[in-house]
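S.K.: Below is a structure I'd like to ask you about.
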Amino acid sequence: MRLQDKVAIITGAGRGIGQATAVKFATEGAKVVVCDLTPEWIEETVALCKETRGEAFGYVADVRDIQALKNMVDATVAKWGRVDCLVNNAGIVMDSQLKNMTEDQFDSVIEINLKGVYNCTRAVVDTMLQQQSGVILNASSIVGLYGNFGQTNYAASKFGVIGMVKTWARELGRKGIRANAVCPGFIATSILGSIPERVLRALEEKVPLGRLGKPEEIASTFAFLASDEASYINGAVIEVSGGLTI
Ligand code: NAP
C-alpha cells in the first residue's frame, strides 16, 4: 500500500473531494484525520475510512480558527506521533459578477480558501520541520489558472494558493518537505450546486473526455502526490480537468 502508516490531515473531508481523498488515503494504508465543520459528515467519512480497515479520527475545526487547528495538530501528534501529509482541501464558492460582488462575498472566500490554507499549513509546519519530512498538498483550481466568469473572489484565492505553494516548495524543499497544488476542472460535487444544469451540460461538452470529473479522480492524484513515488515532485501545479483547458 502506497501510504502505509503515513499520517494525513485532510481538511473539508466531510464530503466531496475531501471525503473521497480520506477514503483513498485510508485504503492506501494511511492514518487519517478527518477535519471538517459538520460532525455528522465527519462521522460518515470516518466510518467509510474504517470500512477499508484504515485508521481514522474526526476533528471539528474551522480553517479560520487558528487555535482549533493548533489543537488538531497537537491531538494528531499525541495520537500518532507525526504528521506526514496535510491536504488543504476545504473551500467554498460565493459567486457574483464583479459589479455585484459584496465585500462579504470577497472576504469570506479569501478567508477560507486562501487564509485557511495558510492557517493550516502554519499549524503543521513546525512538526514537519522537526521531522525533516512532510508533504503539503493543496486544492487550487483551473479557475486559479485561467479565471472564470463570476468568480473574482474564488479565482484570486486559488491563484494565491499557487503562489504560496511555489513559495513553500522553495522555502521547505531542503528541509525534506514537498508542496504541490492540484487544479481540478469541474468535478461532480455539491460545490457545483449553484451552476444551472444547462451550463453544466455545456461544460461537459467542452471537456475532451466528455464528462465531469469524479471526486475519486482528484483523490487518486492527491494519493500519488502524497506517496514516495512522487518524491521528486515539488512546486508542481497539476491540472486534472479531463483536458478542458487545452
Ligand atoms: P464541497 O463538496 O463543497 O466540500 C467542501 C468541504 O469543505 C465541505 O465539507 C465543507 O464543509 C468544508 N468546508 C467549508 N468551509 C470550511 C471551513 N471554514 N473549515 C473547514 N471545512 C470547511 O467541495 P468540493 O467540490 O469537494 O471541493 C473541495 C476543494 O476542491 C475546494 O477547495 C474546491 O474549491 C476545490 N475544487 C473543486 C472543484 C469542483 O469542481 N468540485 C473544482 C476545482 C477546485 P461544510 O459543507 O460543512 O461547510
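The values are calculated or read from the model by the stated rules, or taken from the named source; none is laboratory data. Model, not experiment: these values are computed from the prediction. All Cβ positions, even for glycine, are placed from backbone atoms using ideal geometry, and neighbour counts span all protein chains on display. SASA here: full protein model, heavy atoms, side chains in, ligands and nucleic acids out. Shrake-Rupley method; radii C 1.70, N 1.55, O 1.52, S 1.80 Å.
S.K.: So for segment 144-152 (the condition being under 26 Å from D95 (Cα atoms), within 11 Å of the ligand (Cβ to nearest atom) and surrounded by 19 or more Cβ atoms within 10 Å (Cβ to Cβ)), does at least one residue qualify? Even if it seems obvious, please write down each step before you answer.
M.R.: Just the residues of segment 144-152 that are under 26 Å from D95 (Cα atoms), to begin with: 144-152.
Next cut, within 11 Å of the ligand (Cβ to nearest atom) only: 144-145, 148, 151.
Okay, now just the ones that are also surrounded by 19 or more Cβ atoms within 10 Å (Cβ to Cβ), so 144, 151.
Within segment 144-152, one or more residues are under 26 Å from D95 (Cα atoms), within 11 Å of the ligand (Cβ to nearest atom) and surrounded by 19 or more Cβ atoms within 10 Å (Cβ to Cβ).
S.K.: Also: What do you reckon, is I177 under 17 Å from T21 (Cβ atoms) and of a type in the set (V, I, T)? Step through it out loud before you land on a result.
M.R.: Values: under 17 Å from T21 (Cβ atoms): no; of a type in the set (V, I, T): yes.
In short, no.
S.K.: Right, another one. What is the number of the single condition among (1) touching a Pro at 6+ places or on another chain (Cβ under 9 Å); (2) within 11 Å of the ligand (Cβ to nearest atom); (3) not polar (S, T, N, Q) that G243 does not meet?
M.R.: (2)
S.K.: OK, next. Taking the residues in segment 1-27 that are within 16 Å of the ligand (Cβ to nearest atom) and assigned to a strand (DSSP E or B) as candidates, determine which candidate is surrounded by the fewest Cβ atoms within 10 Å (Cβ to Cβ). Working first, answer last.
M.R.: Initial filter on segment 1-27 (within 16 Å of the ligand (Cβ to nearest atom)): 8-25.
Going one step further and asking which of them are assigned to a strand (DSSP E or B), we end up with 8-11.
Numbers: A8: 29, I9: 25, I10: 34, T11: 30.
Ranking the qualifying residues of segment 1-27, first place goes to I9.
S.K.: Mind checking which residues of segment 55-92 are farther than 25 Å from G29 by Cα and touching a Leu at 6+ places or on another chain (Cβ under 9 Å)?
M.R.: Residues satisfying the conditions are D62, V63.
S.K.: Starting from segment 200-228, keep only residues that are within 27 Å of D5 (Cβ to Cβ), then list their pairs with residues that are within 12 Å of the ligand (Cβ to nearest atom) and among the basic types (K, R) whose Cβ atoms are within a distance under 9 Å, requiring at least 6 positions of separation or different chains.
M.R.: Close Cβ pairs (under 9 Å, with a partner that is within 12 Å of the ligand (Cβ to nearest atom) and among the basic types (K, R)) amount to P215/R15.
S.K.: Would you check if there is a residue in segment 94-106 being surrounded by 16 or more Cβ atoms within 10 Å (Cβ to Cβ), under 20 Å from Q19 (Cβ atoms) and out of contact with any Pro (no Cβ under 9 Å at 6 or more places or on another chain)?
M.R.: Here is the first cut: in segment 94-106, the ones surrounded by 16 or more Cβ atoms within 10 Å (Cβ to Cβ) are 94-95, 101, 105-106.
Checking which are under 20 Å from Q19 (Cβ atoms) leaves us with none.
Checked against the condition, which is being surrounded by 16 or more Cβ atoms within 10 Å (Cβ to Cβ), under 20 Å from Q19 (Cβ atoms) and out of contact with any Pro (no Cβ under 9 Å at 6 or more places or on another chain), segment 94-106 yields no hits at all.
S.K.: List pairs: first residue in segment 37-52 and open to solvent by 90 Å² or more (accessible area, probe 1.4 Å), second residue of a type in the set (D, E) anywhere in the structure, Cβ distance under 9 angstrom, at least six positions apart or on different chains.
M.R.: L37/D62
S.K.: Here's something else I'd like to know. For the list (1) open to solvent by 20 Å² or more (accessible area, probe 1.4 Å); (2) closer than 21 Å to S231 by Cα, I need the number of the one condition that V165 fails.
M.R.: So V165 meets the others, but not (1).
S.K.: Mind checking which residues of segment 174-202 are over 30 Å from D84 (Cα atoms), open to solvent by 80 Å² or more (accessible area, probe 1.4 Å) and away from the ligand (no atom under 13 Å from the Cβ)? Spell out how you get there, then give the answer.
M.R.: Applying the first criterion (over 30 Å from D84 (Cα atoms)) to segment 174-202 yields 192-202.
Imposing the further condition that a residue be open to solvent by 80 Å² or more (accessible area, probe 1.4 Å) reduces the set to 194, 197-198, 201.
Scanning segment 174-202 gives E197, R198, R201.
S.K.: Then there is this: From the list E171, E216, E205, which one is open to solvent by 40 Å² or more (accessible area, probe 1.4 Å) and within 14 Å of the ligand (Cβ to nearest atom)?
M.R.: Working: E171 fails: within 14 Å of the ligand (Cβ to nearest atom); E205 fails: within 14 Å of the ligand (Cβ to nearest atom).
E216 is the lone residue from the list that is open to solvent by 40 Å² or more (accessible area, probe 1.4 Å) and within 14 Å of the ligand (Cβ to nearest atom).
S.K.: Could you tell me whether any residue of segment 84-96 is farther than 16 Å from G116 by Cα and without any contact (Cβ under 8 Å) to a residue 40 or more places away in the chain?
M.R.: No - not one qualifying residue is present in segment 84-96.
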